[in-house]
Protein chains: 4
Amino acid sequence: MNFASDNCGPAHGEILNAMVEANRGFAPSYGADTLMTEVQARLREMFEAPEAEVFLVATGTAANALALSTMAQPWQTVFCAPLAHIQTDECNAPEFFTGGAKLTLVGEGDKLTPAALEAAIRGWTAGDVHVSQRGPVALTQVTEMGRVYTCDELAALTDVARAYGLPVYMDGARFANALEALGCSPAEMTWKAGVDAASVGGTKNGCVGVEAVIFFQPGKSWEFELRRKRAAHLFSKHRYLSAQMLTYLEGDLWRRSARAANVRAARLEAGLRSVPGADFAAERQANMIFVRLPRATHQRLRAAGAVYGLYEGPLEEGAPEEPLLARLVCDWSIAEAEIDRFVELARG
Amino acid sequence: MNFASDNCGPAHGEILNAMVEANRGFAPSYGADTLMTEVQARLREMFEAPEAEVFLVATGTAANALALSTMAQPWQTVFCAPLAHIQTDECNAPEFFTGGAKLTLVGEGDKLTPAALEAAIRGWTAGDVHVSQRGPVALTQVTEMGRVYTCDELAALTDVARAYGLPVYMDGARFANALEALGCSPAEMTWKAGVDAASVGGTKNGCVGVEAVIFFQPGKSWEFELRRKRAAHLFSKHRYLSAQMLTYLEGDLWRRSARAANVRAARLEAGLRSVPGADFAAERQANMIFVRLPRATHQRLRAAGAVYGLYEGPLEEGAPEEPLLARLVCDWSIAEAEIDRFVELARG
Amino acid sequence: MNFASDNCGPAHGEILNAMVEANRGFAPSYGADTLMTEVQARLREMFEAPEAEVFLVATGTAANALALSTMAQPWQTVFCAPLAHIQTDECNAPEFFTGGAKLTLVGEGDKLTPAALEAAIRGWTAGDVHVSQRGPVALTQVTEMGRVYTCDELAALTDVARAYGLPVYMDGARFANALEALGCSPAEMTWKAGVDAASVGGTKNGCVGVEAVIFFQPGKSWEFELRRKRAAHLFSKHRYLSAQMLTYLEGDLWRRSARAANVRAARLEAGLRSVPGADFAAERQANMIFVRLPRATHQRLRAAGAVYGLYEGPLEEGAPEEPLLARLVCDWSIAEAEIDRFVELARG
Amino acid sequence: MNFASDNCGPAHGEILNAMVEANRGFAPSYGADTLMTEVQARLREMFEAPEAEVFLVATGTAANALALSTMAQPWQTVFCAPLAHIQTDECNAPEFFTGGAKLTLVGEGDKLTPAALEAAIRGWTAGDVHVSQRGPVALTQVTEMGRVYTCDELAALTDVARAYGLPVYMDGARFANALEALGCSPAEMTWKAGVDAASVGGTKNGCVGVEAVIFFQPGKSWEFELRRKRAAHLFSKHRYLSAQMLTYLEGDLWRRSARAANVRAARLEAGLRSVPGADFAAERQANMIFVRLPRATHQRLRAAGAVYGLYEGPLEEGAPEEPLLARLVCDWSIAEAEIDRFVELARG
């Protein structure tokens, strides 16, 4: 019963097969492998963006920090939600990679709104040498609370950014989960909605460790490559990244895997609706559930071996009926039986 | 006939098997996997260093830049050879990770000498606020010209560093190749010779992508972890790094693999000795050969599909007998038949 | 009628005299001048801190950024008020000098509270490699809204910091104005209240350009010196900084000057209390006043040549009675007649 | 008898008078003072560069590091002489301000040659993501050994840079001394010779502390301003910098002052030519002399109170006749009698 994160589960067998398959003979290193040519062609086609520039890295933080560093000057500020991964979970990587740019937290929680974004941008007066200069807008799709921006919501946000001449980056660590939740195309969820660059996560959706970074307009390619090398994120045996990504995209494995995860989360959610005291902190839209459960329920679950994130206090102290917030993430691989057992235990 | 680099060959089947093996069920992420506990225990044992702190990253540049950044302050200088990988092949990664430390090039070529090192250290007057401050000494074992420091040579260099209170880092991208060349123990080639920290490369010796960083004295652990995370080099699905390294060390695969590469290079060297005009630029000691061959010989080899590094001028222009420098790296996997064919072609 | 800032007025004649006086013959450069020895002795005495380490720089931002960079690691966060100068007016200098540390905004407005500070510190879980690590607490005395922390308030804040092992920095760009407002000693307002390091501003209080940075505990001296040099803030002709600071401290010029500024602000405040529609946004405690006045009043003042900061909208649009926020800073040199004329104009 | 540096002498009386003169009433801060408008106009006129962008800072290291950081990307290398101030005397400031650019040392000593420059540039292969990328060329005029590039020498160097598309920066800490040595115009020594940006030092030539940075082509203005503010080098009471620079340029004070220094150095040189054992290490062209004198001579001079830089060994040990290198810098203010006395003492 592991709901800790979608980076705790195994990779798909196809992904590992592809790596084994790629493990034949000699191949040019540092991204010059022929598989990477295929990856680029495939992503351009899937995103209906024939000029897009595509790069692979091995971690989500690398994708975010490298992409943002090509979009933000060191004297600028990135606009993001207070719960954005780049703010809460990357140990100052964005500040490091950008050479000291600031993060300005917009509004509350996990999701940007156009009004809050506009207020935040206006808060840094243009043309004033004393203040942090306006830089890119960064949003996470799926958000850190498991919610999904609709394409209209994205367009409304990017409209605000565009009005101020600011580029927009999408942290797509759970890109495919969002696509599945929305039922839209990659292009619709990105450049057609005004997004300038995005990461497309593989690691949290059944790969070993690979993320794509896509710039929809050309021009940043050489700078990104230099930044990637300088940050030690250019793999010599790059073919194993390419092989993962190619297989991930082939036959829509990425969407099938995300669908599996989302469907499992829906099952878990449905089950939890019948649990006494269960109080959902955010609408479930993809593969993450945030729900408050009584302390006693948590104690029972933990005692039975369930693994998941627990917030708002130590489990050991406090009244049994007092609620604590749980984060439950469904990996593509979690068995339905595990979910059902978890729900049963929660029901008490 | 690929002699371009030992990062162009495939990984050992055992390595990929281990990754497939590790791909079962759920595992704690970010280095908390049980395999990593084994990796640490194994490396401590093999290095006879029960307190050593051990970390895994996926690229050699990450290992170097992260290790050096824990050893050098931003206002210091790292002492290294002019041909050191950190100087010539990392696109300013050491400067980036250290926050602006300088590299001071010591002497000539690929290999440090105690005299040149002492002169370089003395060149930066201690206690002068205007100058770059003395920082760590970095050396590469095997060097970039394929040469190997003996344990005595290492001790002589670290004595100089020690006399000035400076720590010593060993870039061990080809650590096992050096071990095999010297026939010594890991401890003898590192801390017993005065080395404070080292990387132990896996990628260039038959892994998919993994390098260990070892600090022989405890104390830097938490700082290293923070630096690794901040640089986006902490893998969520860390078990695949652990699995590689564990298998790499088990049954002495690392030494067997290095031995294979060195032996192949010896065969190639022996063959080339009979080639007219072959002029060796450095003594072969591990798996790399630097040899000058006439331009016409190179043209013949290239025409036959041989792949390797070529320096000192364009192949297309110049007299047929004029020599050009070749770098020939033997991967563990290169077939003896390929070597023999290469030599035959070179003979003309 | 210039109330724009206390950096728009002239320096005291004594300060310039001291510079002229210092302009004789040869003197050791880079801080080795004998005047600097006197400055250190004088500040140690005045702060009752015989081991304090003292440095001079020429700008307030340099004092803040350099001091904080010796207190915060790049992977840490500085805790400060949302209106802190380091957040709003330094164009990412703290992020630059620290190598990418983050600023965490505590509570609302200009002034920290112990509760908000504790909540903010707790917000970054200790021992979690993914998050920004807890770093120094920075507060501004006088705050950016012209308010002054009492010594008790300071002690309550530093108690919180201490409980978490975090150092405390005081941005004292208007240090003397605060001293005068509180009527306490420099020691009481700093290390006796738990402050670890402080800047003591001269520039905004009648100097040409000089700020002292004081560490109350020894140990950071050499690091600070290296950071100062590396940031190009070590003056070769340092004697002119020393001369300013020495004269500034002698005969309590610093306190007399601050008193003059505070008294003038009190006079301005008293006058404004009789202005129709005047609405004070913060209690005046030192030499700054934040007051809302009707747009028509502002238009009259501006037309008459008054210079001051105006916020919350363009002056040109909107109803005449609609209020806009003004920031009125009294320099030590502002003439009482100017104040009275301003008040008269405001009265209409 | 102080020949330690031209930053140990006093400022011209006119410079301090100008500061006193500027110390009247209120003035806009942060560079918006009217004096700065005059400075810009004056420099544009003197450099025959009506579009030049002009900025003031207070230290030479700030001028160099800020200028270079607008010309070099973090993944690039700056090309400079091994004895360049930016390499030997700025405690990694260029590396800090550029975010980690490297310095590549060109040839030997203090002065670049076209051949060595071309070789160095060629050394970093274009288009290779692994290596430091080619960046600006930096040269010092007067060099650190007191020598002066002729305009033809400058043109030959900038031709090399131009052939590779690289910009050229001139560290003009002793700009006026070079002008006087060459007897040419500011334009001839800079943009007409292919220089893209230069600093014009005031501090070492009779100012309190001011340096101009000039970009001959517009376009970098806003970036420079942001970098200056972010580095804490934007002065609030900027008028005192402007006043210095304006007076420095007016009535050719800068050239008169430099002439005085150069003439004094010529007198010193002439005198030293008659000193037994005097061996000049570099041709004197401006206000610096590098000469070897017997140890006994140094001991006599030092005993008599002479102050100057001494290299190549401790004064206390060694044979009396053994020579040690002295650096003798003539400030504009050094009295002829002091020079004569020094020579007399040296003669023994």
_Protection proxy ranking, peptides D:260-266, B:133-139, D:42-48, average beta carbon neighbours within 10 Å, highest first_ = B:133-139, D:260-266, D:42-48
*Based on the alpha-carbon gyration tensor of the protein assembly as shown and its eigenvalue square roots a ≥ b ≥ c, which shape applies: rounded if a/c is under 1.5, prolate if not and a/b is larger than b/c, or oblate?*
oblate
*Calculate for chain C the 222 nm mean residue ellipticity that helices alone would give, adding -39,500 (n - 2.57) per DSSP H run of length 4 or more and normalising by residue count, nearest 500 deg cm²/dmol.*
-12000 deg cm²/dmol
_Quick query: amide H of B:Cys91 versus all other amide H atoms, modeled in the peptide plane; which residues come in under 5 Å with a sequence gap of 5 or more or a different chain?_
D:Val131, D:Ser132
*Can you give me the P(r) profile for the stretch D:9-52? Cα pairs, bins 10 angstrom wide beginning at 0, each as a whole percent.*
23, 39, 34, 4
_Vicinal HN-Hα couplings computed from phi for the stretch D:320-330 (Karplus, 6.51 cos²θ - 1.76 cosθ + 1.60; Hz; Gly/Pro x)_ = x, 8, 5, x, 10, 7, 10, 10, 10, 10, 9
_Beta bridges by DSSP in the protein assembly as shown, antiparallel share as percent, to the nearest 5_ = 60
*Hey, any idea what the orientation-averaged projected area of the convex hull of the stretch C:149-262's Cα atoms comes to, in nm²?*
7.7
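Can you tell me what percent of all Cα-Cα pairs in the stretch B:255-347 are more than 18 Å apart?
On the way: 1697 of 4278 pairs.
Beyond 18 Å sits 40 percent of the P(r) for the stretch B:255-347.
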*Quick one: give the max-minus-min coordinate of the C-alpha atoms of the stretch D:13-253 along each principal axis, largest first, in Å.*
57, 38, 31
*Non-local amide H neighbours of B:Arg292 (under 5 Å, H modeled in plane, Pro and chain starts lacking H): which ones?*
B:Asp279, B:Phe280, B:Ala281, B:Ala326
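Using a 10 Å cut-off on Cβ to Cβ distances, tally the other chain neighbours for every residue of A:209-216 and report the average as a whole number. Walk me through the intermediate numbers first.
Details: counts 8, 0, 0, 0, 0, 0, 0, 0.
Whole-number average of other-chain Cβ neighbours for A:209-216 is 1.
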*asked:* With viscosity set to 0.890 mPa s at 25 °C, what whole-number translational diffusion coefficient in µm²/s follows for the stretch B:1-128 from Stokes-Einstein and a Kirkwood radius over Cα pairs?
replied: 136
*What residue of chain B sits with its beta carbon nearest the rotation axis taking B to C, and at what distance in whole Å?*
B:Gly99, 2
*Mind ranking C:49-58, A:337-346 by how tightly packed they are, going by the mean number of other C-beta atoms within 10 angstrom, highest first?*
C:49-58, A:337-346
*In peptide D:218-224, what is the residue-averaged number of other protein chain Cβ atoms found within 10 Å of each Cβ?*
1
*asked:* Between the stretch D:313-348 and the stretch B:36-114, what is the separation of their alpha carbon centroids in Å?
replied: 45
*Estimated vicinal HN-Hα couplings, Hz - the stretch A:183-191 in sequence order (Karplus 6.51, -1.76, 1.60; Gly, Pro = x)*: x, 10, 8, x, 5, 4, 7, 10, 5
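What does the structure give for C:121-133 when I average, per residue, the other chain Cβ atoms found within 10 Å of the residue Cβ?
Neighbouring Cβ atoms belonging to other protein chains average 4 per residue here.
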*Within straight cross-link reach of B:Lys220, meaning Cα distance under 14 Å, which aspartates and glutamates are found once same-chain residues fewer than 8 apart are removed?*
B:Glu51, B:Glu53, B:Asp196
*Cα gyration tensor of the stretch C:238-303, axes a ≥ b ≥ c as square roots of the eigenvalues: rounded (a/c below 1.5), prolate (a/b > b/c) or oblate?*
prolate
*5 angstrom amide H check on C:Thr77, placed H, neighbours 5+ away*: C:Lys102, C:Gln133, C:Arg134, C:Gly135
*Enumerate the calculated ³J(HN,Hα) couplings along the stretch D:211-217 in order (Karplus 6.51 cos²θ - 1.76 cosθ + 1.60, θ = phi - 60°), each rounded to whole Hz, writing x wherever the residue is Gly or Pro.*
9, 9, 10, 10, 9, 6, 9
*At A:Thr34, label 7 Å along Cα→Cβ: distances to the other copies, nm, ascending?*
4.2, 7.5, 8.1
*What are the label-to-label distances in nm, one decimal and shortest first, from B:Gly109 to the same spot in the other copies, with labels 7 Å along Cα to Cβ?*
2.8, 6.7, 7.2
*Give me the lysines in straight-line cross-link reach of D:Lys102: C-alpha distance below 17 Å, same-chain residues under 8 apart excluded.*
A:Lys229, B:Lys102
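Coordinate-derived values only; no laboratory data. Source: prediction; values computed, not measured. Positions of Cβ are backbone-derived with ideal geometry, glycine not excepted, and every protein chain shown enters the neighbour counts.
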